[in-house]
Structure formats: C-alpha cells, structure tokens
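Colleague: Please see the structure below; I have some questions.
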Amino acid sequence: MPNPKWRHSKSRKRKRRTHYKAETPQLGLCKTTGAMHIMHHAYWHEGDMYYKGHVLIKGGEAKTAEA
C-alpha cells in the first residue's frame, strides 16, 4: 500500500471532513393514512405496515379476532 510522502496539516484534514454531516431525513405524508414517515421506507401505522400506501403486513386486529 502506498503511504503519503508528506504530512497533511490538521486544518487540511478537517476541511476535507466538514462535509460528513448527518443530513435530516426527508419526511413524506402518506396519501392513504395521512401519517408522516421517512421517504422510501416502510412504516407502521395503527398496527399495520405500509409502503407506498399499500398494506404489507396486516397487524393487531387480525390476530386478536382469530384468538
């Protein structure tokens, strides 16, 4: 592996690393449920898991009705 020939100053290193900041996640409003969620992520709402306005996993009510 090649190694650097010259030492880089602390300020030069820190200037390069200033762009590694945590960005705020983009939030979206579901047209079906009206719930706020992180864009392009599945989310839970009232016991059901939704993605793009469709139910992926049916939650709580179905399990309690069977028992």
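Quick note: the coordinates plus some simple rules give every number you see, no bench work behind them. The structure displayed is predicted, hence computed values, not measured ones. So basically every Cβ, Gly included, is an ideal-geometry build from the backbone, and we count neighbours across all protein chains shown.
Colleague: Just the projected area, averaged over all directions, of the convex hull on the alpha carbon atoms of the chain: how many nm²?
Modeller: 9.4 nm²
Colleague: While we're here: Tell me the label-point distance for the pair Ile57, His41, using the 7 Å Cα-to-Cβ offset, in nm and rounded to one decimal.
Modeller: My value for the distance between the label points is 1.5 nm.
Colleague: Sort 12-23, 29-40, 45-56 by packing, meaning the average of other beta carbons within 10 Å per residue, with the highest value first.
Modeller: 45-56, 29-40, 12-23
Colleague: Go ahead and estimate [θ] at 222 nm for the chain from helices alone: -39,500 (n - 2.57) per DSSP H run with n ≥ 4, summed, over the residue count, rounded to 500.
Modeller: The per-residue figure over the chain is -6000 deg cm²/dmol.
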